[in-house]
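Beneath this line is the structure, given in structure tokens, with notes to follow.
The values are calculated or read from the model by the stated rules, or taken from the named source; none is laboratory data. On a predicted model such as this, the values are computed, not experimentally measured, just so you know. A quick note on method: Cβ atoms are made from the backbone with ideal geometry, for glycine too, and the neighbour counts reach across all protein chains shown. Ligands, DNA and RNA are excluded from the accessible area calculation, which covers all protein heavy atoms including side chains. Shrake-Rupley method; radii C 1.70, N 1.55, O 1.52, S 1.80 Å.
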Amino acid sequence: MSDEMKQQEKKRSIAAYVLLALTIIVQLVFSTYVFEYKKQGTHSDEVWSYGLSNSYYKPFFHLNDGIPLENDVKTLVENIDNFREWVDGEQLKNYVTVQKGERFAYGSVYHNQSLDHHPPLFYFVVHTFCSFFPDTFSYYQIYFINVISMILIQIFLFKTGKLLFGSEFAALVPCAFYGASIGSLMTIIFLRQYCFITMLTVSYVYFNTRLFKNYQKTGSVQLKKDLPPLAVSAFLLFFTNYTVAAFCGVFTACMCIYLLCRKQIKAMIIYGGFTALSLGLSIAFYPYVIAQSVSARQTEEFKTKLYWLRFRKFLNHTLEKSMGWHVSVYQSSTDDIILGGLVALMILLLPLCFLFRKEEWFRKFVKNVLQSLKKFVKWLGRACYVPLFIIISVVMMDIFLAYIADPIKMGNYSARYVFMLMPLCCLAAICIVYRVLSVIPKVKRANIAIALVLALGVAVYRNVTVDNVFLFRSPIDRTADLHMLTKDKNVLVIAYGKYKNTDTDNLTCAWLNTCYTAYLRDCNKFFMTTSIRANEDIDAINAENVDYIIAPVGNFDDTGDEKKLREVYFESKVHDELEEQLLALQAGVSANLGEQLIINDIIKEIDGVKGYKAVGINNIQGGDYLVIELER
């Protein structure tokens, strides 16, 4: 290569990296705008990210310390904490912040995670960052970690694309596709470990791709060069979330099969052994993962009941929110129709082939087909199978998730479990499109531009048509700023209860107090009860002067100031009938439901109240709650 060509190549490389930087900047500016101005609430998992990281030897606000989250009902009920009693507001703040004397307390973080569901790496990172800002809470603390993770996601995605496409400009397409997708926006604004996991997953795939391509280039597996960073990325993944073992296991199996077919037996054993060693080391550092992963397995009924519907739900989350492909949860007859059509076409073509078998044009056609098949077989010998490995691993991960989790019960919030798969889906989709366009003579010179236009078109369309539930927006634009509103005030929260049985009702509602530790962190005092038992707690409630009430929108009777706000709310409310039907189908109709109380009647029993006004409707943990200011 001449010096002039090297200079041109260098300029092209610089231009590609400048475009990558611009892509990342545009994505982060838009994401930050949405995070600041469009996101109105938080999920309990987001609050737990702070609590499990920062609460000093008390992982769960609703349970006494020392009680694992996965436990029998009796033990959990006996250890309910901070529920149906007045709680000092300082306790709420202490749960989500690091106190000055408790900075860099990694023993506390490890202890908290030993009672939760996940290995501690992400929580170590959160605690470290928050320790630099003691007694301070900000949603931007974890958002900043997500921003760094997203930058690394895009860099590793670009580097992987460069290896697969052999072109830096082509490698920009999957970066732009993912950056513009609704999935990447959901990933970065959701304050949980999933953006961090996504970064580690993409880095893991990158190091595998580098090993694969180096083998194709040199004819030998570069174990000393490629295996250490791959093993480290695998260990970090296992030390962050145990479910990723399914993805890594399938990907490792694919790579091992490839090496076996290439007769690289020694390399296969060492490669597989290092992945197993990474898993073993993560278990050695965090042995609780064994019990936690076993507890994730459900009953035999859960495994079989609606299993394929759950799988299709996860698959739809994965594909629709990344590459725009909607997968219906219904088992329609479309597949049968397509199969029947292909069979009918074959039946029609066979006699035609026999009829024209001696025609010159037909013989020429058959010859061209056979030549194309020979070329295809040769191409299979030198093809890069990483995109195929990604597709197999993604599908198997969705199958595994449907085995341990219920996206029907969780609703669209279950999409968080597949965030880690979305950039890989974008990469695989672009690989397929890029390859198809490359073999079409009239368009192959413009394949990068065409792939980019198609990708951005799909991404924009899905941004418009897919509802981003992780914004936690109220159906009407009347969200109250709970933190500022309740500062130094006494707040009564009435959670939506369901059951006649007191223990069952308490257990299903008590954990919701976690959601309010961030919202009400500067309140004076906090009391939570349920919409089934609030009347039983009136004497305890009247021990303090209540300033604000937060209660389900549906539990008011429109005899007070809330009437107009509720009318607007119900006019704009859109019910997800499919989700409701599926949930009813799975859970069945329960005869143990309790009688809902009318909040207006509860207000009349609160001492010293002369009137009240509705100041907002907030989406809290997927439910809509009226915020009521009491007048004394």
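Rolling a 1.4 Å probe over the heavy atoms of the protein chains gives the chain an accessible area of 47 Å² per residue. Over every Cα atom in segment 398-486, the radius of gyration and the widest Cα-Cα span, Dmax, amount to 19.5, 66 Å.
Measuring max minus min along each principal axis, the C-alpha atoms of segment 1-129 give extents of 77, 32, 32 Å (largest first).
Percent of accessible area on segment 111-233 owned by carbon and sulfur, 1.4 Å probe? The C+S portion of the solvent-accessible surface of segment 111-233 is 68 percent.
Could you work out how far the C-alpha centroid of segment 193-251 sits from that of segment 396-418, in angstrom? Between the Cα centres of segment 193-251 and segment 396-418 lies a distance of 23 Å. Considering only Ser572, Thr517, Tyr625, and ranking their Cα positions along the charge dipole of segment 482-631 that arises from unit charges at the beta-carbon of Lys, Arg, Asp and Glu, the one farthest toward the positive end is Thr517. Put a plus charge on the Cβ of each Lys and Arg, a minus charge on the Cβ of each Asp and Glu, and nothing anywhere else: the dipole of the chain about its Cα centre is then about 5100 debye. Of the residues Ile189, Pro441, Asn94, the one whose Cα sits farthest toward the positive end of the charge dipole of the chain, with +1 on the Cβ of Lys and Arg and -1 on the Cβ of Asp and Glu, is Pro441.
The simple spin-label model puts a point 7 Å past each Cα toward its Cβ; for Arg363 and Leu349 those points are separated by 2.2 nm. Considering only beta bridges that DSSP places wholly inside segment 482-631, some 60 percent are antiparallel.
The radius of gyration of the Cα set in segment 534-574, together with its Dmax, comes out at 13.4, 39 angstrom. Of the solvent-accessible surface of segment 482-631, computed with a 1.4 Å probe and all protein chains present, 47% belongs to carbon and sulfur.
Post the alpha-carbon centroid distance, segment 425-450 to segment 1-78, in whole angstrom. Comparing the Cα centres of segment 425-450 and segment 1-78, I get a distance of 31 Å. Assuming charge only on the beta carbon of Lys and Arg (+1) and of Asp and Glu (-1), the dipole of segment 482-631 about its Cα centre is about 280 debye to the nearest 20. Subtracting the Cα-Cα distance of Trp86 and Lys604 from 0.36 nm times their residue separation leaves 184.5 nm of extension gain. Please return the longest range in the chain lying between exposed loop sites, taking GluC sites (Glu not before Pro), DSSP loop only, at most 12 other beta-carbon atoms within 10 Å, and leaving the sites out. Here the longest segment lacking exposed loop sites spans 1-358. When Cα extents along the principal axes in Å is computed from the coordinates, the matching label among (1) 109, 83, 44; (2) 97, 59, 49; (3) 116, 50, 45 is (2).
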